[in-house]
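The structure under discussion appears below in the form of structure tokens.
The numbers here are math on the coordinates, done by the rules we state, and not lab data. Treat the numbers as computed from the prediction; the structure is a model and nothing was measured. Cβ placement follows ideal geometry from the backbone for every residue including glycine, while neighbour counts extend to all protein chains displayed.
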Amino acid sequence: MIQLDAVEARREAGLTGDHSRPGPRNARQVTLIQWEHLAVISALMGRPAEQPISAPELRRNIAISGINLFSLKGRRFRLGQAILETTGWCQPCAKLEERLGLGTFQAMRGHGGITARVLQGGIIRLNDALRVEPL
């Protein structure tokens, strides 16, 4: 995974360049993690504070700060020009332990973030604010 300044979110297809499987039923088109949780995960993994874990290392597409992502259950939200809809929790994967070491799975429990699908495509830029859409 690479960090970008901007990415295109495509309706029913996810993010351009990502391995997400397209289609309206794919609930994991985009994965988001709460930025504040990265420090917690790092601490639980025993990483030094000056070398925190990153969202790409955890195989998450987007890191968001300033909002509890779990509060978005069943909600639609705007990121840049795109509108997404929360589809579920993004549970940690056992493969993370193979790549990042023992304890990664346990450190991620409760901090894995959410999954979403793209309802309206558009460009998402670094530092775009997340805005919850009205019900």
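Summary table
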read-out: Choice from T87, T16, T115 with maximal GNM fluctuation in the chain (Cα, 10 Å cutoff); value: T16
read-out: Considering only region 6-132, percent of DSSP beta bridges that pair antiparallel, nearest 5; value: 90
read-out: Among I83, G110, L15 - extreme Cα towards positive end, dipole of region 6-132, charges at beta-carbon; value: I83
read-out: Overall dimensions of region 1-63 as given by Cα atoms, namely Rg and Dmax in Å; value: 13.7, 41
read-out: Volume per residue of the C-alpha convex hull in region 61-135, rounded to whole Å³; value: 105
read-out: The chain - mean residue ellipticity at 222 nm from DSSP helices (-39,500 (n - 2.57) per run, n ≥ 4, rounded to 500); value: -4000 deg cm²/dmol
read-out: Under-5 Å amide H pairs with I53, H placed in peptide plane, nonlocal only; value: S42
read-out: Inverse mean reciprocal Cα-Cα distance (Kirkwood Rh) of the chain, Å; value: 15.1
read-out: Backbone HN-Hα couplings from phi across region 35-48 [Karplus 6.51/-1.76/1.60, Hz, Gly and Pro as x]; value: 3, 5, 6, 4, 5, 5, 4, 4, 5, 5, 7, x, 7, x
read-out: Listed residues E12, E57, E85, most fluctuating in the chain (Gaussian network, C-alpha, under 10 Å); value: E57
